[in-house]
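Q: Handing you a structure now.
Derivation of every value follows stated rules applied to the coordinates shown; laboratory data play no part. For clarity, every value in this text was computed on a predicted model and none was experimentally measured. Please note: Cβ atoms are built from the backbone with ideal geometry, for glycine as well, and neighbour counts cover all protein chains shown.
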Amino acid sequence: MTVFSGAGISAESGVPTFRDVETGLWAEVDPYEISSADGWRSHPDRVWAWYLWRHHMMGAVAPNNAHRAVAAWEDYADVHVVTQNVDNLHERAGSNQVYHVHGSLFEFHCDRCGAAYLGEVPAMPEPVESVDPPRCACGGLIRPNVVWFGEALPDRAWQQSVDAVINADVVVVVGTSSVVYPAAGLPELAVASGTPVIEVNPEPTPLTSTATVSLREKAGAALPGLLQRLPALIG
Ligand code: BJW
Ligand code: ZN
């Protein structure tokens, strides 16, 4: 079983999604400035401040029933989790095979020499506009280990994700708007090879029309009972 998750799975933990009009993280900021390689080059202080705040927030929340349900499926199936999320809530819920296609907000590295940064980062309970990032010994800036617009996805996580989708008997797509590529192409791979795809999202998405089943439900409500419903949903 392969689960493909997006920001919506963490919404019920209190992590805002990206594109929800009212509460989305980008309701206040321009995504292409704050979450792009160009944005980092022009305003590293603004980008660093935003990620410090999100780092703090993600460390302060807990996995919800949806993350816990996915972890519990390991008692019954070989479960692979492909996540676009940079939080660590799947791992904290107990999932053992998690592939982060957009990186992790709990790792940092130098933007010049690539060295891992093992220092502390400051707590940032409230968002602020600007904080200068630390510098590496080489003079480069320390950045979060996440994938911004215009950057390639990490090779290993991407290959593991493609394998997980190609080899799955069923793919569960939960809490993603399915608009950011190449990640959004993963469920399309499953559809193209005839693998059943179950979408869980309170709102329709571009995947909805091709998914085998699309459940208009929140992740925390749908996932705990999903294994039992599988025979009725996909036969
Ligand atoms: C609930 C719920 C509840 C709410 N229960 N559900 C065509 C092909 C390939 C690429 C492109 C293309 N066209 C354009 C591109 C480029 C670009 C792209 O896709 N742009 C589109 C926006 C048009 N892609 C890239 O730039 C990627 N890189 C790339 O293509 O590289 C090429 C290259 C190759 C070689 C060398 C160099 C370059 C990189 C994409 C990186 C995305 N990064 C971000 C930020 C990560 C760090 C961070 O977290 O800050 O990833 S952007 C943001 O979007 C984040 C997310 O992972 C990603 C997806 O968002 P997600 O998870 O779907 O969240 P939302 O908010 O959109 O949706 C939430 C959903 O949950 C909603 O549907 C709700 O209804 C639902 N929901 N409550 C269940 N309780
Ligand atoms: Zn360096």
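Q: Using Cα pairs closer than 8 Å and at least 6 residues apart in sequence, work out the relative contact order for the chain, in percent. Display every interim value, and only then the final one.
A: Details: 433 pairs, mean separation 54.8, N = 235.
Taking the mean separation of contacting Cα pairs over the length of the chain, I get 23 percent.
Q: Also: If you rank Glu28, Glu151 by fewest surrounding Cβ atoms within 10 Å, what's the result?
A: Fewest to most other Cβ atoms nearby, the residues stand as Glu28, Glu151.
Q: Separate question: Please give the net charge around Val200, taking every other residue with its beta carbon less than 14 angstrom from that of Val200, where Lys and Arg add +1 and Asp and Glu add -1.
A: -1
Q: Less than 15 Å Cβ to Cβ from Ala93, Lys/Arg counted +1 and Asp/Glu -1: what total charge do the surrounding residues give?
A: Once all neighbours under 15 Å are counted, the net charge is -3.
Q: Note down the magnitude of the dipole of the chain about its Cα centre, charges +1 on Lys and Arg C-beta and -1 on Asp and Glu C-beta and zero elsewhere, to the nearest 20 debye.
A: Roughly 180 debye for the chain.
Q: A further question on this structure: Going by Cα centres, region 116-161 and region 163-235 are how many Å apart?
A: Result: 30 Å between the Cα centres.
Q: Something else about it: Based on the Cβ-Cβ distance from Val21 to Ala232, what FRET efficiency comes out when R0 is 45 Å, to the nearest 0.05?
A: 0.85
Q: Write down the Kirkwood hydrodynamic radius of region 1-138, to one decimal in angstroms, obtained as one divided by the mean of 1/r over all alpha carbon pairs.
A: 16.2 Å
Q: Compute from the Cα atoms of region 94-181 the Rg and the Dmax, the latter being the longest Cα-Cα distance, and quote both in angstrom.
A: So, for region 94-181, Rg and Dmax equal 16.3, 48 Å respectively.
Q: In a shell of Cβ-Cβ distance under 9 Å around Arg46, excluding Arg46 itself, what net charge do Lys and Arg (+1) and Asp and Glu (-1) give?
A: Counting the neighbours of Arg46, the net charge comes to -3.
Q: For each of His102, His90, count neighbouring Cβ atoms within 10 Å of the residue's Cβ, then give the residues from fewest to most. Don't skip to the answer; put the middle values down first.
A: Details: His102 21, His90 27.
Neighbour counts put them in this order, fewest first: His102, His90.
Q: Let me understand the chain better: what is its radius of gyration from the alpha carbons, and its Dmax, in angstrom?
A: Cα only, the chain: 17.9, 58 Å (Rg, Dmax).
Q: How far is it, in nm, from the label point at Arg216 to the one at Asp75 when both lie 7 Å from their Cα along the line to the Cβ?
A: Taking the two extended label points, one gets 3.3 nm.
Q: Moving to a separate point now. Please figure out what share of the DSSP beta bridges in the chain is antiparallel and state it in percent, rounded to the nearest 5.
A: If we restrict to bridges inside the chain, about 25 percent are antiparallel.
Q: Now a separate question. Label Thr208 and Arg135 with points 7 Å out from Cα along Cα→Cβ: what is the distance between them in nm?
A: So the two model labels end up 5.1 nm from each other.
Q: To make sure I understand, if each residue's beta carbon is the centre and we count other beta carbons within 10 Å, what order do Ser36, Ser178 fall in, fewest to most?
A: Fewest-to-most ranking of Ser36, Ser178: Ser36, Ser178.
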